[in-house]
Structures are given as structure tokens and as C-alpha cells.
Amino acid sequence: MSEVKPWSHIFHELSEGGPDYRWAGPTHVCLCGNDNMATITVFHDKQIAMYFTDIRCLACGAHLIAPTEADDDVV
């Protein structure tokens, strides 16, 4: 069983790298099964104004591409 850590520690561990799954295309679920991602987000007037599509899985550190509204076929 893995050790439970505060969420803030996860960001420090992401710098260690992880698999590159960007070839899988836009997805909201990592190949490891996790659906919690780290992303860079820009806020304007308390709402999300923009986000980068390069994301990282918080479970395994994989590099992924986030889906956008234009990606209707993403499951």
C-alpha cells in the first residue's frame, strides 16, 4: 500500500519525470487509470479563462494532452 501524502507534495515529485503518453491524443484519463491531472490554468474574473493542454498525471507523472471543446470524440 502506498504512503498517503499531502497533495502539495505531489507537485514536487512530478519533476522526477514520467512516461510520455502524448501520443495517445487528448484524454481526460491517464493510461494508468487516474483522472486527476496537474495543469497550468489562467483565471480572469474568478473563472477559467485559458488552460494549457500539456498536463501531468498526479498518480504516475505521465505527460498527456488535455481535451478541449473541439475534441468531441474524446471519451
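The values are calculated or read from the model by the stated rules, or taken from the named source; none is laboratory data. Everything numeric here is computed off the predicted structure, so don't read it as measured data. When we count neighbours, we look across all protein chains shown, and the Cβ atoms used for this are built from the backbone with ideal geometry, even at glycine.
Counting only residues that are part of a loop (DSSP other than H, G, I, E, B) and touching a His at 6+ places or on another chain (Cβ under 7 Å), which one in segment 21-55 is surrounded by the most Cβ atoms within 10 Å (Cβ to Cβ)? The residue in question is 21. In segment 6-20 there is at least one residue that is outside any helix (DSSP H, G or I), modelled with pLDDT of 90 or more and in contact with a strand residue (DSSP E or B) (Cβ under 8 Å, 6 or more places away or on another chain). Going by the structure shown, is residue 68 hydroxyl-bearing (Ser, Thr, Tyr) and either more than 9 Å from the chain's Cα centre (by Cα) or loosely packed, with under 13 Cβ neighbours inside 10 Å (or both)? Yes: the conditions hold for residue 68.
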